[in-house]
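This report concerns only the one structure given below.
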Amino acid sequence: MADRPQETTARPAKAGPRKDIQALRAIAVTLVVLYHFWPARLTGGYVGVDVFFVISGFLITLHLLQRPIRSVKDLFSFWARRVRRLIPAATVVLVATLAASLVWLPQTVHARVAQEVIASALYVENWLLALTSTDYLATDQLHSPTQHYWSLSVEEQFYILWPVLIGLAFLVCRRLGRSFRFPPLVVIGVVSLASLGFSAWFTGEDAAQAYFVSTTRIWELGVGAALAAAVHAGLRFRATVVRAALVWGGLAAILWASLTFTGATPFPGVAALLPTLGAAAVIAAGSDDLRVGPHRLWSGRPVQWLGDVSYSVYLWHWPAIVIAPFVLDVDNVNWWQKLVIIVVVLGLSAASKRWIEDLMRFTPRIARSTRRSFLLLAACLGISLTVAGLALWQAQRATDAAESVVIDSTAPCVGADYLRTASCSGREMAMLSNPIQAAKDKPQVYADDCWNNRPFTRRKVCSYGPRNAPVKVAIYGNSHAGQWSPPILQTAKARGWRVDTYIASECYSVDIPVSFGTKTLEDNCVAFNAWARDRITKGGYDLVVMSDRTLQPLAGVPAAQKTTVAKAAYNRVLDTFTTAGSRVLVIRDTPGSAESVPDCVARYLDDVSRCATNVKFAGTSGLEPDPLADAAAGRTGRDVTRLEVTDLLCRDGSCPAVLGGLITYFDHGHMTKSFSLTLYPEVSRALRKALDGIPGA
């Protein structure tokens, strides 16, 4: 990942990279690989990427200060070196990963992989991941085998921007007739401090997006850049005790972060200061000649070799992790299989370092020509974009064919009717839906963009039916309320009712804060629910249909008390609606799956029973706790009624992924529109019962 200081057209005979920096590369890639293979053991290993950022910022800036950009030719020459160093190997891995994905990964993910290959080839993968990181419905998707290109994208964007900024600083200094030793520190300081401030703020606002966007990460490269500017200006540590403290303290900071940080740590933000400053301290120590430093530990050939191939290791390791389970036909790769995969990755890395990286960097015909270097870039881009474009075109053809399938949800034994009707038991049912179609088979409220997603500042209400309808119904809850909209809307259309939606993804409908990792999101969710309750209580609704999945924890509430506290909160919400004169129908949430159901079915088409969910996986009761349904169950009278259809989704402790010929969910736990419609008899009957006695119902 991090660039090297030498860029010559022939291999240097004796000179080479600093051994401490090579060792730091080895440490960084080891942390990343161990974290990806054993995330529960090294919970903060992702900070290895931040170490890489510091190294890159240091080496690139030092190079730019030692060989300033004085002309457009110099600028393109700099970019040409980056092209030769980074692009060919990245392209080979992208093409190989796409080919392996098309062979082994489920057909349901082919289009997404092709899209991310395009984004990775153009080095905007981090922005694509940032855009999709707030999509709750995408959180269960199979990891993309190219998503690790997000950090490479940040670096490439840095390589485009940074020489321009440093070059401009040099130009200003030359015009003013001033020394070029300190002004770069001003440029670096302004950019880095602005990025750090934004990172601290945005991580608190939306940590999921903040993790990927370049604007929250540039300061980490800026830390290395500031160190390079200081070194170039002649500022160095010479006292042995200071250098020893820096190198050992820096290593301790990196190790501490990798061991104590977790996925719940707000990151990057100010937390990233620990590993980045640690890496900067190690570099600043310059410990290659330090007797009391770790030189003896990391100057050996294995560590130096790993540092030398660290870029290739980073490229190859993630696709191997994602694709290997499908090659081996296992759900979870065991420890010895992981060791074999690591050996294979190291072998591939050695080969690509020797036959791709070094070949492109040191072949005189290419290395001596900026024009040929950019022709190489064009060729690499052309190859990546062409093969990914063809894969995307083929995936779209498959999608179009799948979506043309017409399903009759009222046919005997189809969907939920398979368990509803005794005569269907044991009957062989052909697969009526296919995985690609199922993944796209979402209720109308999705196409109508009725969702209020993170950061929960939107106030979108979708309305269906006549304004002067005799009966008004509100659907209120998170996405698990939205999945019931097909039979609700079908009933409303048949009876002339009006339906309004109040749906916020993830934010379930309690009157207390739901935890999302940041105070801003907690407050926004509270505000959305307060707004929705106010609109509903003042809206003259005859019936409020509620359903939630209470996945997120409650802010400040211990996990053991969550269900009890949530149930009390739901009782208050129910009282709010009934006091306002509305009746409430609560629909118990559906069982969830541990993975995307269409992806699983696509993988195991020959034995879809492997995709069935054991309902005991989520709790001792056999189903996820549902405090809203529990609150409704404790009510008597007709103001609050309750519907549960678990017996039409599961039987004998197992919930099939395919039931009555239909794939049940379009992701990990939201029913497809087709399957939801097969529950029309139960939902329609519950609606009419809840509205019994209401004029016009």
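Counting DSSP beta bridges in the chain, what percent are antiparallel, to the nearest 5? Mind showing how you got there, number by number?
Details: 9 of 30 bridges.
Within the chain, antiparallel bridges account for around 30 percent of the total.
Note the per residue figure in Å³ for the convex hull of the C-alpha positions in region 633-690. Can you show the working numbers first?
Working: hull volume 6.3 nm³, N = 58.
Expressed per residue, the convex hull around the Cα atoms of region 633-690 is 109 Å³.
Could you give the semi-axes, largest first, of the ellipsoid that matches region 461-560, computed as the square roots of 5 times the alpha carbon gyration tensor eigenvalues and rounded to whole Å? Walk me through the numbers before you get to the answer.
Values: eigenvalues 163, 37, 18 Å².
Square roots of five times the eigenvalues give 29, 14, 9 Å.
Can you bin region 178-305 into rounded, prolate or oblate? Criterion: square roots of the alpha carbon gyration tensor eigenvalues sorted a ≥ b ≥ c, rounded for a/c under 1.5, prolate for a/b above b/c, oblate for the rest.
On the way: a/c = 2.51, a/b = 1.26, b/c = 2.00.
Verdict is oblate for region 178-305.
Leaving out same-chain residues fewer than 8 places away, which aspartates and glutamates sit with a Cα under 14 Å from that of LYS562?
The reachable aspartates and glutamates, counting only those whose Cα sits under 14 Å from LYS562, are ASP511, GLU624, ASP626, ASP630.
Rounded to the nearest 500, what is the 222 nm mean residue ellipticity of the chain from helices alone, with -39500 (n - 2.57) per DSSP H run of 4+ residues and division by all residues?
Numbers: 29 runs with 384 residues, N = 697.
Computed mean residue ellipticity for the chain: -17500 deg cm²/dmol.
Based on the mean of other Cβ atoms within 10 Å per residue, sort peptides 186-194, 671-679 so the most packed one is first. Before the final figure, lay out each step's value.
Details: 186-194: 16.7, 671-679: 27.0.
Per-residue Cβ counts within 10 Å, averaged per peptide and sorted highest first, yield 671-679, 186-194.
If packing is taken as the mean number of other Cβ atoms within 10 Å per residue, what is the order of 387-399, 594-606, 331-343, highest first? The partial results should precede the final answer.
On the way: 387-399: 16.4, 594-606: 21.8, 331-343: 12.6.
Result, highest mean Cβ count within 10 Å first: 594-606, 387-399, 331-343.
Please give the contour-minus-distance gain from LYS689 to ARG397: 0.36 nm per residue of separation, less the Cα-Cα distance, rounded to one decimal in nm. Present the calculation step by step, with values, prior to reporting the outcome.
Numbers: separation 292, 0.36 × 292 = 105.12 nm, distance 4.49 nm.
My answer for the length gained is 100.6 nm.
Let's see if you can work this out: charge +1 on each Lys and Arg Cβ, -1 on each Asp and Glu Cβ, no other charges. What is the dipole magnitude of the chain about its Cα centre, in debye to the nearest 20? Don't skip to the answer; put the middle values down first.
On the way: 69 positive and 53 negative charges, 558 e Å.
Approximately 2680 debye in magnitude.
Just read off the accessible area of ASP500 with the full protein assembly in place, 1.4 Å probe, to the nearest 10 Å².
10 Å²
Nearest-5 percent of antiparallel DSSP beta bridges in region 438-537? Please list the in-between numbers first.
Values: 2 of 10 bridges.
In region 438-537, DSSP labels about 20 percent of beta bridges as antiparallel.
Roughly how many Å is it from the Cα centre of region 379-440 to that of region 178-252, as a whole number?
50 Å
Between HIS143 and ALA194, what is the label-point separation in nm under the 7 Å Cα-to-beta-carbon projection?
It works out to 3.5 nm between the two label points.
For region 143-265, give the magnitude of the charge dipole about the Cα centre (Cβ charges: +1 Lys/Arg, -1 Asp/Glu; no others), in debye to the nearest 20.
Values: 8 positive and 5 negative charges, 170 e Å.
Approximately 820 debye in magnitude.
Which listed residue (SER463, VAL92, LEU42) has the Cα farthest towards the positive end of the charge dipole for the chain, taking +1 on Lys and Arg C-beta and -1 on Asp and Glu C-beta about the Cα centre?
Of SER463, VAL92, LEU42, it is VAL92.
Take the Cβ-Cβ distance between VAL344 and LEU390 as r, set R0 to 30 Å, and report the resulting FRET efficiency rounded to the nearest 0.05. Let's see the in-between values first.
Working: r = 27 Å, r/R0 = 0.91.
Efficiency at R0 = 30 Å is approximately 0.65.
Roll a 1.4 angstrom probe over the protein heavy atoms and tell me the percent of accessible area of the chain that is carbon or sulfur. It would help to have the intermediate numbers written out before the result.
Values: 17380 of 29080 Å².
Of all accessible area on the chain, carbon and sulfur atoms account for 60 percent.
Can you tell me how region 210-284 classifies by the Cα gyration tensor, rounded, prolate or oblate, using a/c under 1.5 as the rounded cut? Could you put the intermediate results ahead of the total?
On the way: a/c = 4.51, a/b = 1.42, b/c = 3.17.
Oblate shape, in that a/c is at least 1.5 and b/c is the bigger or equal ratio.
Taking amide hydrogens as modeled 1.01 Å from N in the peptide plane, which residues meet the under 5 Å criterion relative to MET429, leaving out close sequence neighbours?
none
Compute the long axis of helix 335-352 from its Cα atoms, compare it with the longest principal axis of the Cα atoms of the chain, and write down the angle in degrees, 0 to 90, nearest 10.
50 degrees
For the chain, how big is the tail of P(r) above 33 Å, as a whole percent of Cα pairs? Walk me through the intermediate numbers first.
Working: 134792 of 242556 pairs.
Beyond 33 Å sits 56 percent of the P(r) for the chain.
Going down the list LYS440/LYS460; LYS567/LYS673; LYS472/LYS519; LYS460/LYS493; LYS440/LYS567; LYS493/LYS567, which pairs span over 31 Å between their C-alpha atoms?
Details: LYS440/LYS460 22 Å; LYS567/LYS673 29 Å; LYS472/LYS519 35 Å; LYS460/LYS493 21 Å; LYS440/LYS567 34 Å; LYS493/LYS567 33 Å.
With Cα atoms farther than 31 Å apart: LYS472/LYS519; LYS440/LYS567; LYS493/LYS567.
For region 272-348 and region 462-530, what is the separation of their Cα centres, given in Å?
48 Å
Suppose each label sits 7 Å from its Cα in the direction of the beta carbon; what would the ASP449-VAL565 distance come out to in nanometres?
3.6 nm
Label points 7 Å out from Cα along the Cβ direction at LEU171 and ASP358: separation in nm?
Here the answer is 3.9 nm between the modelled labels.
Could you pull out every residue, at least 5 positions away or on a different chain, whose amide H is within less than 5 Å of the one on ILE663? Hs are placed 1.01 Å off N in the peptide plane, and Pro or chain starts have none.
Those qualifying (amide H under 5 Å, at least 5 residues apart or on another chain) are SER433.
Find how much the distance from CYS424 to LEU381 grows on full extension, using 0.36 nm per residue of separation minus their present alpha carbon separation; answer in nm with one decimal. Let's see the in-between values first.
Working: separation 43, 0.36 × 43 = 15.48 nm, distance 5.47 nm.
Value of the extension gain: 10.0 nm.
Per residue, how much accessible surface does the chain expose to a 1.4 Å probe? Answer in Å², no decimals.
On the way: 29080 Å² over 697 residues.
It amounts to 42 Å² per residue over the chain.
Give the percent of DSSP beta bridges with both residues in region 470-621 that are antiparallel, rounded to the nearest 5. Don't skip to the end; give the middle numbers.
Working: 1 of 16 bridges.
Counting only bridges with both partners in region 470-621, antiparallel ones make up about 5 percent.
Compute the length gained on full extension between ARG535 and VAL241: take 0.36 nm times their separation in residues and subtract their Cα-Cα distance, giving the result in nm to one decimal.
Details: separation 294, 0.36 × 294 = 105.84 nm, distance 6.68 nm.
Using 0.36 nm per residue and subtracting the Cα-Cα distance, I get 99.2 nm.
The values are calculated or read from the model by the stated rules, or taken from the named source; none is laboratory data. Only a predicted model underlies this, so the values are computations on that prediction, with no experimental measurement involved. Heads up, the Cβs are rebuilt from the backbone with ideal geometry, glycines too, and the neighbour counts pull from every protein chain shown. The area values use the complete protein model at the heavy-atom level, side chains included, leaving out ligands, DNA and RNA. Shrake-Rupley method; radii C 1.70, N 1.55, O 1.52, S 1.80 Å.
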